[in-house]
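The values are calculated or read from the model by the stated rules, or taken from the named source; none is laboratory data. Every value quoted in this text rests on a predicted model; they were computed, and no experiment measured them. The protein model used for the area step is the full one, side chains on, heavy atoms only, and it has no ligands, DNA or RNA in it. Shrake-Rupley method; radii C 1.70, N 1.55, O 1.52, S 1.80 Å.
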Amino acid sequence: MSTKRAIPLLEKEVGDLTFGMFLRVARGQLELSQAEMARRLKISRGTLCDLEKGRQLVSPSLAVRTAKAAGFSETLAVKACLQDQLKKANIKLRVALVA
């Protein structure tokens, strides 16, 4: 299934896609512990935990690194990252990316 078709289905099932959700799924697909994934991304395990739980926002560059490490869509990772930033700023806009 393409990313374009998967996102609406995923959001219908679990709500808005967040970067934390993306990160947990990516880590699960790679069958890595938080410590292993954190080492792969060159961040602390605590930071990884905060990102997964939505307590900390991620930069677009880390979003891209995460997607590459997991073999997932960079576009999807950056979209989730930017949407989280808009939500935290209480800006009622939706992100749409064009490659």
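With the cut-off at 1.5 for a/c, could you classify segment 46-99 from its C-alpha gyration tensor as rounded, prolate or oblate? Present the calculation step by step, with values, prior to reporting the outcome.
Values: a/c = 2.70, a/b = 1.08, b/c = 2.50.
Verdict is oblate for segment 46-99.
Sort Leu97, Leu41 by heavy-atom solvent-accessible area, probe 1.4 angstrom, most to least.
Leu97, Leu41
Below 8 Å, C-alpha to C-alpha, sequence gap of six or more: please give me the relative contact order for segment 24-76 in percent.
Values: 36 pairs, mean separation 18.0, N = 53.
Relative contact order here is 34 percent.
Classify segment 14-76: rounded, prolate or oblate, from the alpha-carbon gyration tensor (a ≥ b ≥ c, eigenvalue square roots; a/c under 1.5 rounded; otherwise prolate if a/b is larger than b/c)?
Verdict is rounded for segment 14-76.
I'd like the accessible area for Lys88: 1.4 Å probe, protein heavy atoms, all chains in place, Å² to the nearest 10.
The value for Lys88 is about 150 Å².
Full-extension gain between Ala35 and Arg94, please, as 0.36 nm times their residue separation minus the C-alpha to C-alpha distance.
Here the segment from Ala35 to Arg94 would lengthen by 18.0 nm.
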